[in-house]
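Accompanying notes for the structure given below.
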């Protein structure tokens, strides 16, 4: 081997690489354990609208352990995402001693279900959180079988646009276990829309009804308490006094 310079050079290169790797590993261990380089500040990129500062401090205190290099960013992210109003979080290190946190909070689009504190966010995701009474009062109430929140929220948006043309606003929307739709307007009128029908789609039945709204429901006088759109070629109305109309 001693008379083969290329083997000696290769062996020397391997030894140098091994020494460099050992030095890097030792340096990483030192950086992870050294008491210096503490995280001195945690900054949020935007104010939090529904999450209180004391909640943030409570969940962060157990996970802000270690120094700038050793702190577990996934633990920080997970702790924050367990807060009721936090949807998702991004955490990054900013040299030399700072963490920068970006939080996306849930944006409540509606109340959900039967009074269990559940809300629906703008993505159609159901979450549980406390909200002020005035905030809850301004939200519509949606309900449906498990897993249908995105569909119900989308349908509510469509119905809001359609009924706005006749000066009405949906307040409640229900999808029953049999997949029938029931809508209650802010004016108190209940609209039974029923299930989708192959020969008479719900969108077509609703379109025909809204076309005659000004000449029927929109006329001065006693307004109906219930409108039934489940008929393929027409609709029925029930007046508050029990009378019916077509």
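For region 218-234, enumerate the residues that are part of a loop (DSSP other than H, G, I, E, B), touching a strand residue (DSSP E or B) at 6+ places or on another chain (Cβ under 6 Å) and either under 16 Å from residue 200 (Cβ atoms) or at pLDDT 90 or above (or both). Talk me through it step by step, then tell me what you get.
Narrowing region 218-234 to residues part of a loop (DSSP other than H, G, I, E, B): 218-223, 229-234.
Imposing the further condition that a residue be touching a strand residue (DSSP E or B) at 6+ places or on another chain (Cβ under 6 Å) reduces the set to 222, 229-230.
Of everything in region 218-234, those that are part of a loop (DSSP other than H, G, I, E, B), touching a strand residue (DSSP E or B) at 6+ places or on another chain (Cβ under 6 Å) and either under 16 Å from residue 200 (Cβ atoms) or at pLDDT 90 or above (or both) turn out to be 229, 230.
Out of the residues in region 48-73 that are touching a residue at least 12 places away in the same chain (Cβ under 8 Å) and outside any loop (DSSP other than H, G, I, E, B), state the one that is surrounded by the most Cβ atoms within 10 Å (Cβ to Cβ).
Filtering region 48-73 down to residues touching a residue at least 12 places away in the same chain (Cβ under 8 Å) leaves 48-51, 55-56, 59-60, 62-64, 66-71, 73.
In the following step, the residues that additionally are outside any loop (DSSP other than H, G, I, E, B) were identified as 55-56, 59-60, 73.
On the way: 55: 16, 56: 19, 59: 17, 60: 16, 73: 15.
Looking at residues that are touching a residue at least 12 places away in the same chain (Cβ under 8 Å) and outside any loop (DSSP other than H, G, I, E, B), I get 56.
Which of the following residues is under 30 Å from residue 52 (Cβ atoms), in contact with a helix residue (DSSP H, G or I) (Cβ under 9 Å, 6 or more places away or on another chain) and at pLDDT 95 or above: 153, 142, 210?
Values: 153 fails: in contact with a helix residue (DSSP H, G or I) (Cβ under 9 Å, 6 or more places away or on another chain); 210 fails: under 30 Å from residue 52 (Cβ atoms).
Answer to the selection: 142.
The values are calculated or read from the model by the stated rules, or taken from the named source; none is laboratory data. Note that the structure is a prediction, hence the values are computed from the model and not measured. Ideal geometry is used to build each Cβ from the backbone, glycine not excepted, and the neighbour counts take in all protein chains shown.
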